Amino acid sequence: MLTWIAVLVVFSILIFIHEAGHLSAAKKAGIAVEAFSIGMGRRLFGVKIGGTDYRISMIPFGGYCKMAGEDPSEARGEDYEFSSKPVGHRFWVVAAGSVTNYVFAFILFSVIFMIGVPTLSNEVGDVLKDYPAARAGIQVGDEILSINGIKVEYWEDIVGTIKKESASGGALNLEIIRGETLLEFDVKPDISRVKNIFGQTISRPMIGIAPASKILSVSYDPLRAVYFGGKRLLTLTAMTYKGIWLLLTGGMPVKTSVSGPIGIAHLIKQAAHLGIVPLLLITAHISMALAIFNLLPFPVLDGGHIIFLAIEKVRGRPVSVKVQEAITQVALILLLAFVLFVSWQDVLKFVRWGK
C-alpha cells in the first residue's frame, strides 16, 4: 500500500512542478489564471487567491493550469488573456512547464550526489572463462586499483578507463590488491561484438570481468554534487534524444523500448522498495523525460503549441482555429492510440496476469 502511495506522490509532485511552471510564467506575463488544479475532474476543495482557484480535483492523476483566453473560441480580446499576449510571452508560458521539470531534475540529481549515489565498487565479482582476465590470472575478489597508472575507485571508472586505454590496441597494466598482496597483470582486451542499451550491435574492448554486488554510497560536497548532477542530467538528455531518434528511424523496437504510465508506476514502486535515494533517482529520470517528451514538436504536447507559435511569428498571423482544431484532433487520436499500445505492452511486461 505504501509503495502505491509513493507512486501517487511522485506523479502528483511532477505534475505540480510542471503546472506551477506554466502558472508562474503566466502570472509574470500578466495573464489571468482562472484555475490551477492538482488532479482532474470535479473540484473537491480549494481556495481562491488573486483571482485564481487553487483546487484539488477528484481524479488523482493529472492536473492543469487554465488561463483566460487560452481556448481561442472563448477569447474576448482582453489584454489579460493568453491569446492577446505577444508570441514571445506565449512561448515562455508554454515552455515553462517543461523547463521547470528539467530544472527540478537537475536539483534532484544534485541532491542525490550530496546524499550519496549508489555506485558499484572496484571489486571483481566474476571472471569469465577463456577471456583475457582469466588467462592473465585475475580472480574473483580482486580489487582493481589502477589501469595503466590511472587510479580507479569505482566500477564505472574501470569500464571507462578500459575503453579509453584500449584505443591504442596494446595490453593494459592492471594494479590489483588481493587480500594484503599488491599484484600487477598485463591484460590485452578482446574486441567483442555486444549490444548497447539501445539494442545496437557495437564493438567493445572486453577483458572478461564483472562487478561484485557490493554497492557503495558515494557522496560529494555541494559544489561537486552540482557539477556531477548537471553532468548526469546532460548525459541522460543526450541518451534520451538518441533513443527518440532511433525509435523514429526504426533503430530501436517500440515494443521493448518504451513504457507508458503502467511501466512508470511499476518502476516507481520498485524504487520505493529500495529506499529514498533510488526513489529520488527514478523521480529525477521521469522529470527529465517529462520535460523532453512535452517539448517534442507534436500537436497536443507543449512542443506542438510552440510550433504553432513559430508559424504565427513567421506568417505574422496565427494559424486558423479550424486548422488548429483539426490537426489537434488527429494528433490526439494518434497519441491516445500510442499510449494504449505502450500501456498494453507494459501489461505484458509488468503485470502478473499479463505474462
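The values are calculated or read from the model by the stated rules, or taken from the named source; none is laboratory data. This one's a predicted model, so the numbers in the text were calculated from it and none came from an experiment. So basically every Cβ, Gly included, is an ideal-geometry build from the backbone, and we count neighbours across all protein chains shown.
Test Y80 against the stated conditions and say whether it is in a loop (DSSP other than H, G, I, E, B) and touching a residue at least 12 places away in the same chain (Cβ under 8 Å). Working first, answer last.
Numbers: in a loop (DSSP other than H, G, I, E, B): yes; touching a residue at least 12 places away in the same chain (Cβ under 8 Å): yes.
Taking the combined requirement at face value, the residue satisfies it.
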Q: Could you pull out every one of the strands (runs of 3 or more DSSP E) wholly within segment 159-218 that has 1 or more residues that are without any contact (Cβ under 8 Å) to a residue 24 or more places away in the chain?
A: 181-187, 190-195, 201-206
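Residues checked against (1) over 28 Å from the mean Cα position of the chain (by Cα); (2) over 21 Å from G260 (Cβ atoms); (3) assigned by TED's automatic domain parsing to the domain that holds W92:
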{"residue": "A6", "(1), (2), (3)": "no, no, yes"}
{"residue": "I17", "(1), (2), (3)": "no, no, yes"}
{"residue": "H22", "(1), (2), (3)": "no, yes, yes"}
{"residue": "V33", "(1), (2), (3)": "yes, yes, yes"}
{"residue": "S37", "(1), (2), (3)": "no, yes, yes"}
**Q.** Count - residues of segment 275-329 that are under 17 Å from S259 (Cβ atoms) and hydroxyl-bearing (S, T, Y)
**A.** 2
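Kindly indicate which of L281, L236, L247 is over 30 Å from G169 (Cβ atoms), without any contact (Cβ under 8 Å) to a residue 12 or more places away in the chain and surrounded by 14 or more Cβ atoms within 10 Å (Cβ to Cβ).
Working: L281 fails: without any contact (Cβ under 8 Å) to a residue 12 or more places away in the chain; L236 fails: without any contact (Cβ under 8 Å) to a residue 12 or more places away in the chain.
It is L247.
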Q | Yes/no for V323 being in contact with a Pro (Cβ under 7 Å, 6 or more places away or on another chain) and either among the β-branched types (V, I, T) or not assigned by TED's automatic domain parsing to the domain that holds A95 (or both) | A | no
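Return yes or no: is R43 more than 29 Å from A272 (Cβ to Cβ) and at pLDDT 85 or above? Talk me through it step by step, then tell me what you get.
Numbers: more than 29 Å from A272 (Cβ to Cβ): yes; at pLDDT 85 or above: yes.
When the stated conditions are applied, R43 passes them.
Have a look at V124, V94 and point out the one that is outside any loop (DSSP other than H, G, I, E, B), under 21 Å from G21 (Cα atoms), in contact (Cβ under 8 Å) with a residue 24 or more places away in the chain and of a type in the set (A, V, I, L, M). Explain how you work it out, then say what you get.
Details: V124 fails: under 21 Å from G21 (Cα atoms).
Among V124, V94, only V94 is outside any loop (DSSP other than H, G, I, E, B), under 21 Å from G21 (Cα atoms), in contact (Cβ under 8 Å) with a residue 24 or more places away in the chain and of a type in the set (A, V, I, L, M).
Condition test on I202, is it of a type in the set (V, I, T) and either surrounded by 12 or more Cβ atoms within 10 Å (Cβ to Cβ) or closer than 30 Å to T283 by Cα (or both)?
Numbers: of a type in the set (V, I, T): yes; either surrounded by 12 or more Cβ atoms within 10 Å (Cβ to Cβ) or closer than 30 Å to T283 by Cα (or both): no.
No: the conditions fail for I202.
Which residues, counting only those in segment 1-33, are outside any helix (DSSP H, G or I) and surrounded by 15 or more Cβ atoms within 10 Å (Cβ to Cβ)?
A29, I31, A32, V33
I'd like the full set of residues that are without any contact (Cβ under 8 Å) to a residue 24 or more places away in the chain and either part of a strand (DSSP E or B) or buried (at least 18 other Cβ atoms within 10 Å of the Cβ) (or both), limited to segment 34-51. Spell out the reasoning first.
Of segment 34-51, the ones without any contact (Cβ under 8 Å) to a residue 24 or more places away in the chain are 41-51.
Correct list: G41, R42, R43, L44, F45, G46, V47, K48, I49.
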Q) Do we find a residue being out of contact with any Leu (no Cβ under 9 Å at 6 or more places or on another chain), surrounded by fewer than 12 Cβ atoms within 10 Å (Cβ to Cβ), polar (S, T, N, Q) and not in a helix (DSSP H, G or I) anywhere in segment 301-321? A) yes
Q: Could you list, in sequence order, all residues of segment 243-262 that are farther than 28 Å from W4 by Cα and either under 13 Å from the mean Cα position of the chain (by Cα) or outside the structural domain of F104 (by TED's automatic domain parsing) (or both)?
A: G243, I244
Q: Look through segment 163-204, keep the residues that are modelled with pLDDT of 85 or more and within 28 Å of the chain's Cα centre (by Cα), and return whichever of them is nearest to L128 (Cα to Cα).
A: R204
